[in-house]
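What follows is calculated from the coordinates using simple rules that are stated; it is not laboratory data. For clarity, every value in this text was computed on a predicted model and none was experimentally measured. Every residue, glycine among them, receives a Cβ derived from its backbone with ideal geometry; neighbour counts consider all protein chains shown.
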Amino acid sequence: MTNFVLDCFFQPAEDLQDARLELALTNTGSKTLKSFTLAYTALTRAGQQAVLENADGLNRIANFHEITPPTGEEIQPGETWKFTIKGLANPARHRLDGPKSAYVSADGIISDVVCNDLEAPAELDTGERRSVPEGRIKTALSIVPWPQCVEVSKFSDELVAFQVADGSADEKSAASKINALAKRLFPAAPHPFRFSPSKTLQLLAFQQDADLSSDGYQLRFSGSHTTLTYGGYAGRDYGLTILAQIVHGAYSEPSTFKFPVDGTIKDEPRFGWRGMHLDVSRHFRGPEEIVRLLDILAWGRMNVFQWHLTDDEGWRLEIKSYPELTVSGAKRGPGCQQVAQLGFASEVYQGSYSQDEVREIVAHATSLNIDVLPEIDVPGHSTAVLKTYPRFADQAEVPESYHSVQGYPNNALNPAMDETYTFLERVFAEVADLFPCEYIHIGGDEVDTSSWLESPKAQRLMQELEIKDAMELQAHFMARVRDILKKLDKKLAGWDEVSHGGGIDPDGVLLMAWQTQEVTKDLIEQGYEVVCTPGQKYYMDMAQASGWYEPGASWAGVSSPESAYSYEPSAGLDPNGLDLLKGVQACVWCEHMIHNDIFNHMVFPRLYAVAEAGWTLPKNKDWQRFAALSRLFPSL
Ligand code: ACM
C-alpha cells in the first residue's frame, strides 16, 4: 500500500531558465508526514541555477532530485504540499518526461511514492499518437523481412506443417532448432516441423549449393514437396525460419496468409550487419529476457546483438579481477553508493550477469547465427566504475568540473591515469575471453568537451604531448585502447565520436553513426566502416509521434513506424564508399523502457522495420505489407 502520490506539471518557457516544474505531493495515507525529504527521478532535470519555491533544498545527481521541504512542513492525511522548481536543464516533450519514481524519507524510513504522468499546457500536445495502418498484402505469405525474390503462383488453404523426410543429422537438427524457436515465441501455435509422417504434412528436402552465399537460400514449392537449397548453415536456418513464419501466419490469420504450393523464393541479405543494441544499464533485463530477445532477433533474421553492458547507471557484467563492479557498481537506490535513477527509486535496484550466464547467452545467440557484440562504454558514461573505484580518478581533479549531457559530474575515465589502462587491459581480457565476436565496442560517446581539463594529471599529459583539448586527449585514449584490443586479437567498434579530436587510424575500425545521417557519410569518407543507426529514426526510445501522450523521448526527433520503415541508410552516400556501409542497427536505450509494456509499445514494430532495412532491397520494400505483417510480430 502506497501512501503518497506525486503530481507534476511542466510549465514551458522560451528560456529554460524560466521553465518550471510544479510538483505536488499528496498524503493519501492515514498518518501525518513530518521531518521528511522527498526524492524523485525525472529526465526533465532541474538546471544548475534552479530556484526553488516553497522548498528549502535541492540535491541533484543526473536524474535524481532530493528535495528538502520548508522547515516544519507537515503533510496531514488528505493534504498536499506544493513546490516549484524554476530553471530546467532540458524541456519536457512527453508524458513520461516527469518523475518516474519517488520516495519520501522520514525517520530513516523510506516510503514509495506513486508518480503520475507529467502534465503540461494543452498546447504542448499535438494530439498525435503512434499509428500503424491495417496494411495490405499482395502476396499471401507471412514473411518478414521480405525476401529478394518471391514467385509463388498457387496457395493452399490447408494448414500444413513440414515433415523433414530426407536430410542429414545436421539438417534435421537445424529443423528441430527452428521448431523450438517457433514454439518458444508462439507457444499456442502448431510446430512447423515434424520428423515422422502424418496427414497434413509437406515433405521437406534439403540441398546444399556451394554457388549460393553462406547466408543465402532458395525454396521451391511443388505440390506436397518443398525443397530448401542453401549456401551455408546460416542460409539453411534462414530458409527454415521463413518456412516457420509461413506456417505461423497461415495458422494465425488463415483468411489472409496461406501456404505456397507452387513457386520459388530466392533470397540473401542486403547487409551483413543487421543489429539490435540493448541498454541493460539503465534498465536491467535478466538472462531469460535476453534469450527471448535473441529469439526475436533470429525470427527477424537479425544477426548482431550489441549488449550495452555498462553505463553511468550501472555496470552489469561480472569481471573477476574487479568483483566490486557487480556488487556496488550494479546497484543504485537508498543506502547504495549510487543514488536512484529512472524507475524504482524506493528500492535497491540491481542486476548483473555472471560469466557463466554470459557464456550460455552467447552460446544461444551463436546457435541462432547471432553475434554478440559486448559494449563497455568508456571513457565517458563511467560513473558506476568511478563510484566503485574512486582511486581511478585524479584525486586533485576539481569536483564537478564538467557534466555529461545526462548531468553526471566528472564521469569519464581519465586518459592520464595509469590505473585507467590497467583496468581496461584486465576488463577487456575477460571480455575477449567471453565473447567470440571479432569486435569489442568501447563506447566513446558523449564525452563532455570540458572533461579532464581541471585534472592536473591530464593537464601535464596534454602539455607533454602538445594536446590542445579534451577531444584530442580522447583520441590519445582511443589509440591506447585500440592497442589493448589488438593484443587481444580484437577489433575496435565504437560510437561515431571515436572519430573526434583527430580520431584513430580507421583501418579495421567500425563506428556506429548515431547522431545524423550526415555522420554516416562523413565517417565513410574518413575510411571507417560504418553501421548506420541514426537517432532520428533507429533509436527505439524516440517517441513514435509528437503527441504528449506518446511514451518516449524526442530529443533526436520523432520516429514514426512508417518513417523508421522508409528510412534508407545509403541515402546521400557516394557509391564508391558503399562497401564501408556494413549495415543497420536499432538501438534500444532504456531510460523510458522500465516496464515490458513500454518496451513492447516502443520496440515493435520498429525493430523489424530495421531488420527489413538490413535484409530487403529498397525496391522490394512495401510499408503496407509490413504493416499487415506487424500484427504477427513476437514481443517480449
Ligand atoms: C549515444 O546515443 N550516446 C550513442
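Given labels modelled 7 Å from the Cα in the Cβ direction, how far is it in nm from Arg184 to Glu123?
Result: 5.2 nm between the two label points.
Quick one: if the Förster radius is 56 Å, what FRET efficiency do Asn116 and Asp433 give, using the C-beta to C-beta distance and rounding to 0.05?
The computed FRET efficiency comes out at 0.75.
Segment 453-565: percent of C-alpha pairs farther apart than 20 Å? Each step should come with its number before you reach the end.
On the way: 3456 of 6328 pairs.
Result for the distance tail: 55 percent.
Could you work out how far apart the two model spin labels at Ser176 and Asp157 are, taking each label as a point 7 Å from the Cα in the direction of the beta carbon, and quote it in nm?
3.7 nm
Report relative contact order for segment 12-81 in percent, whole number only (criteria: Cα-Cα under 8 Å, sequence separation at least 6). Spell out each step's value before the answer.
Working: 100 pairs, mean separation 28.8, N = 70.
The value is 41 percent.
So what is the diffusion coefficient of segment 529-607 in µm² per second by Stokes-Einstein at 20 °C and 1.002 mPa s, using a Kirkwood Rh over Cα pairs?
The Stokes-Einstein estimate is 162 µm²/s.
So in the chain, what percent of DSSP beta bridges are antiparallel if you round to the nearest 5?
Around 55 percent of the beta bridges assigned by DSSP in the chain are antiparallel ones.
Give me Rg over Rh for the chain, both radii from the alpha carbons and Rh done the Kirkwood way, two decimal places.
On the Cα set of the chain, Rg over Rh gives 1.00.
So if R0 is 25 Å, what FRET efficiency would Asp522 and Arg460 give, r being the distance between their Cβ atoms, rounded to the nearest 0.05? The partial results should precede the final answer.
Working: r = 33 Å, r/R0 = 1.30.
The computed FRET efficiency comes out at 0.15.
Could you tell me which of the pairs Lys177/Lys490; Lys172/Lys266; Lys138/Lys619 are separated by over 19 angstrom between their Cα atoms in the structure shown?
Working: Lys177/Lys490 30 Å; Lys172/Lys266 22 Å; Lys138/Lys619 15 Å.
As for pairs spanning more than 19 Å Cα to Cα, those are Lys177/Lys490; Lys172/Lys266.
Do you know the relative contact order of segment 196-247, to the nearest whole percent, from alpha carbon pairs under 8 angstrom that are 6+ apart?
Computed value for segment 196-247: 34 percent relative contact order.
Kindly state, to the nearest 0.05, the FRET efficiency for Ala479 paired with Trp555, given R0 = 25 Å and r defined as their beta-carbon distance.
0.20
Any idea what Rg and Dmax come out to for segment 164-253 if you just take the C-alpha atoms, in Å?
Reported Rg and Dmax, both Å: 12.5, 38.
Can you compute the label reach from Val398? Point 7 Å from Cα along the Cβ direction, backbone N cut-off under 16 Å, restricted to segment 430-470.
Answer for segment 430-470: 449-460, 470.
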